[in-house]
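For reference, the structure is listed below as structure tokens.
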Amino acid sequence: MLSSLSDASIISWKVNPVENFRFYFRVKTNLGEKYITYYDGNDGKELPSVQGDYIYIPVKTEPGEWSTIVRNLQRDLTIKDEALQLQSVESLLLRGSLELSDIKVYSNDDFSDFFTQNDWLVENQDLSGGWPYNFDFLFFVNRVETLNSGWYSAIAQGTGISALTRAYQISNNEKYIQAAEYAADIYTTPVEEGGVLRYWQGNEEFPFYEEYPTTPASHVLNGYQFSLLGAYDLWQATGDIEYKSIYKKGVGTLKEIIPLYDTGHRTNYDLTYYTAKAYPNHANWHYHTVHIDMMMALNHIEKDDPFVDLIERWKGYMKGNHVSRD
């Protein structure tokens, strides 16, 4: 038996997979033995499923790279039945070609600081579901109008949602996922009504979630990338098709407009050069690196060849490469 888990139901491990893998946790519960199976989530399956006493949960990893997986076994049991109570982990079976290290067991007490931070998010969320910026802000002098105090940002909503979904997945406390779902309301509220939603060139097939809901639109890239990961995390935590749509349509927008951020030697921070008919606002190297890291995170989900080509090209810009022109 790996551990008696009356209080410690959270397990983490590091894995470097070579090919398809499966982790089988045989657990003892109040209703008999059950099997929680974590498997390679790169085969297109997106959500957990149940077959008899087996619970199948896809996890995303990158072949040939180390990934850390953190799961709450008690919460994962409730995918099958809310009445199930974890008593102990009886055994762990691995299948596939992989490297494994650092198997650790935690209790909720080990995450007390993290829960304190998420409690702040819950307690300070306003009636619209957001965390407003209570000050005036001018994003770009002589290019956009000043944002009046009380504005929302897609980067704040997205990172807040990502934190809350993790707090829920670790603790199984419903208040965190309820706050995360509430926060998503700002994604679907148009800028004109105080939210962060705009449509690229007015096309409702291409929503954009604004870090700075300016007039004219600023379309800041890194804030948009963070907002997409927040929507993805919420979709994965709930399985709700509404959040799937927010994420999937948002990624569709990113694929549509990402060439506009590429100058051939560096990325643009935003698209005000386009919306305000001005010179490009090139990202500094810090934000250029953020753009690359976020595209890598999104492509960890999407597995999109054009994204791979773009990431490698953007990495090359940091080495002095540029797109040649005849």
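When 204, 211 are checked against the criterion of being out of contact with any Asp or Glu (no Cβ under 9 Å at 6 or more places or on another chain), assigned by TED's automatic domain parsing to the domain that holds residue 250 and part of a loop (DSSP other than H, G, I, E, B), a single residue qualifies: 204. Of the strands (runs of 3 or more DSSP E) lying entirely inside the range 34-85, none contains at least 3 residues that are in the same structural domain as residue 169 (by TED's automatic domain parsing) and β-branched (Val, Ile, Thr).
Looking at the range 248-286, which of the residues that are assigned to a helix (DSSP H, G or I) and among the polar types (S, T, N, Q) is nearest to the chain's Cα centre (by Cα)? Selected residue: 253. Within the set 227, 245, the sole residue that is assigned to a helix (DSSP H, G or I), assigned by TED's automatic domain parsing to the domain that holds residue 192 and free of Cβ contacts under 8 Å to residues at least 60 places away in the same chain turns out to be 245.
Of the candidates 107, 91, 153, 128, the single residue that is surrounded by fewer than 13 Cβ atoms within 10 Å (Cβ to Cβ), out of contact with any helix residue (DSSP H, G or I) (no Cβ under 6 Å at 6 or more places or on another chain) and either among the small types (Gly, Ala, Ser) or in contact (Cβ under 8 Å) with a residue 60 or more places away in the chain (or both) is 91. Which ones in the range 232-246 are small (Gly, Ala, Ser) and surrounded by fewer than 18 Cβ atoms within 10 Å (Cβ to Cβ)? 239, 245 - these are the residues of the range 232-246 that are small (Gly, Ala, Ser) and surrounded by fewer than 18 Cβ atoms within 10 Å (Cβ to Cβ). From the residues in the range 303-312 that are in a helix (DSSP H, G or I) and touching a Lys or Arg at 6+ places or on another chain (Cβ under 9 Å), which one is surrounded by the fewest Cβ atoms within 10 Å (Cβ to Cβ)? Top of the filtered list is 306.
The values are calculated or read from the model by the stated rules, or taken from the named source; none is laboratory data. Here the structure is a predicted model, which means the values were calculated and not measured. Heads up, the Cβs are rebuilt from the backbone with ideal geometry, glycines too, and the neighbour counts pull from every protein chain shown.
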